[in-house]
Amino acid sequence: MTAFKQKLFLRYFSIQTYFSRQKTTFFELPLLQTSGANILVCLPGQEKKPEEAQFVLHSLKELFPKSKFFYIIAEKQLNNFQDQDLGIPVLYNPKDFSGFGILNKNWLKQLPNNIALAIDLNHSDDLWSGHLCFASRSPLRISFETRYASKFFNFIVRTQTKDSFQKQIEQLLNYIRAISRPTQKTLV
């Protein structure tokens, strides 16, 4: 996406959020522990191996065994995910975006309702995944630190860029564990 398109998209997003008046500051942690809580995961792009994405989904399933998982993935990458227990795929292709990188409203309608947690695993400055997590209206939206993360997410994780992807994911999962299951050990 060119710099001009990014600026235009961010202006559009600012106007859209101003009129929608979506609150982003409060979330309820017990919501994540209830059965049937919906969790949305934006998987990393083609530069990552499918095994790494599967590791993330399996780790999240262990952390939230009662939850229902939805993962965003490109149609052409779906063949890499053979495990049916990972969750429900939400597919996209390049036709689902306008020329400025804005998702079509019809595509956004296929997102599930009442998402308790949205996680973006992309390290790049892709605006579409941030917009998608924000459009999910999840009260808790988590991402790695990127240039535009503060516009879309209310919990941003800073990791060392020299660390492997798996180590960065483990750090992200540790933060999620800490905020989702507060115990005396995590409060000390």
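Using a ≥ b ≥ c from the Cα gyration tensor of the range 37-181 (square roots of the eigenvalues), is it rounded, prolate or oblate, where a/c under 1.5 gives rounded and otherwise the larger of a/b and b/c decides, a/b for prolate? It comes out rounded by the Cα gyration axes. Checking the cross-link pairs Lys95/Lys151; Lys66/Lys109; Lys5/Lys76; Lys5/Lys151; Lys68/Lys109 against a 21 Å limit on the alpha carbon distance flags Lys95/Lys151; Lys66/Lys109; Lys5/Lys76 as lying beyond it. Computed from phi, the 3J(HN,Hα) profile of the range 143-151 under the Karplus parametrisation 6.51, -1.76, 1.60 (θ = phi - 60°) reads 8, 6, 6, 9, 4, 10, 4, 5, 6 Hz, with x in place of Gly and Pro.
Bear in mind that the values in this text are calculations on the coordinates, not laboratory data. Only a predicted model underlies this, so the values are computations on that prediction, with no experimental measurement involved.
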